[in-house]
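The values are calculated or read from the model by the stated rules, or taken from the named source; none is laboratory data. Everything quoted here is computed from the prediction, not taken from an experiment. FYI the Cβ positions are ideal-geometry reconstructions off the backbone, even for glycines, and counts take in every protein chain you see.
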Ligand code: FAD
């Protein structure tokens, strides 16, 4: 018989740690070595150490150039220089947070599959994991999935892509602009990462910016705009559609460095190329643009492959959500997903998921008596 936990949290980025914090607050204890009769939780995380996706962000992403990182619940971020690299500051903060609260995150543990144990919709879920050269399974009454998007970069397909002789990379592979010094670089994508990295690379390389749609620029973005954007993504997932990127609903903001890039002509956007040839890309009007590098800043998708055995997908191609809960599946919550894919959203989603799971588990316990 596999070991058991009332709630398994999958992923320990901002969302997973928020869920763990609220589980502790509601009286759950770490499953390993728990006295009988206590409600238990387990946090499984695929990384080698704390920080979630912040462990992998490029060094030039400074605390002054991120969009604003919300504190984890209960413990504030340390005061740091604005020029400090987010890849240093945030993993260290997450590590201190886990230690101080005794959250007992198990690493490196990657969940490969979550399966129903029988046809009973109220039955336990079997969480199968691998890591550190071992594999195993845990029986859970419910899961809180907080696996983010970083491990699932989205690469669009274009004709001729496999013939390209230069380098192709995705945002997730980016290390530093100097790697492109003196090269001709096609930067693809209309999101925040695309424009930030376009600006950065343009200082050392000749860049060409390609987007499918004309980008929408704004001069500012306030909390009402933010609430509207989140509500639009929430509407989509409520209807079972795939969540859209936040930029598709917010537009791009003119920061001082992007205004300077605009003045240098770096933000002259070209319509998306139609095919790729060995030495470059071909524009819709047939013009060949010779490039050495194609840099795909084309976003990420939710990392949910391990949930496939649960058949959660709706006809619309997404997962129909009821708040943080998968609609009609009270054992499964998705946090950091869709409208909660931000540090503030992940915090709230962790709290909401736990509150709702406690009600679900209380109800199940009453039914069992
Ligand atoms: P993550 O931080 O990605 O954590 C997910 C965790 O789950 C990881 O540790 C991962 O290893 C683990 N995992 C994945 N699959 C499995 C599995 N199968 N089994 C076990 N573990 C697994 N938001 C803001 O609010 N402000 C910003 O300034 C900001 N800047 C951003 C900049 C970039 C470049 C990007 C890409 C995003 C940015 N965001 C920002 C969004 C923000 O980072 C996330 O929405 C937020 O951190 C929530 O993280 P998360 O916990 O959902 O995911």
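Tabulated results
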| item | result |
| --- | --- |
| Segment 29-57, residues that are surrounded by 24 or more Cβ atoms within 10 Å (Cβ to Cβ) and either over 25 Å from the mean Cα position of the chain (by Cα) or away from the ligand (no atom under 14 Å from the Cβ) (or both) | 41 |
| Of residues in segment 1-28 being part of a strand (DSSP E or B) and more than 16 Å from the ligand (Cβ to nearest atom), the one surrounded by the most Cβ atoms within 10 Å (Cβ to Cβ) | 6 |
| Checklist (1) modelled with pLDDT of 95 or more; (2) within 13 Å of the ligand (Cβ to nearest atom); (3) in contact with a helix residue (DSSP H, G or I) (Cβ under 8 Å, 6 or more places away or on another chain) applied to residue 192, failing item | (1) |
| In segment 340-369, the residues that are over 16 Å from residue 20 (Cβ atoms), part of a helix (DSSP H, G or I) and within 11 Å of the ligand (Cβ to nearest atom) | 344, 345 |
| Residue 200 vs. criteria surrounded by fewer than 17 Cβ atoms within 10 Å (Cβ to Cβ) and part of a helix (DSSP H, G or I) | no |
| Subset tally (residues that are in contact with a strand residue (DSSP E or B) (Cβ under 7 Å, 6 or more places away or on another chain), surrounded by fewer than 19 Cβ atoms within 10 Å (Cβ to Cβ) and more than 18 Å from residue 7 (Cβ to Cβ)) for segment 321-369 | 1 |
| Residues that are away from the ligand (no atom under 15 Å from the Cβ), in contact (Cβ under 8 Å) with a residue 24 or more places away in the chain and at positive phi, drawn from segment 318-339 | 323 |
| Out of 144, 187, sole residue that is surrounded by 17 or more Cβ atoms within 10 Å (Cβ to Cβ), over 30 Å from residue 349 (Cα atoms) and touching a helix residue (DSSP H, G or I) at 6+ places or on another chain (Cβ under 6 Å) | 187 |
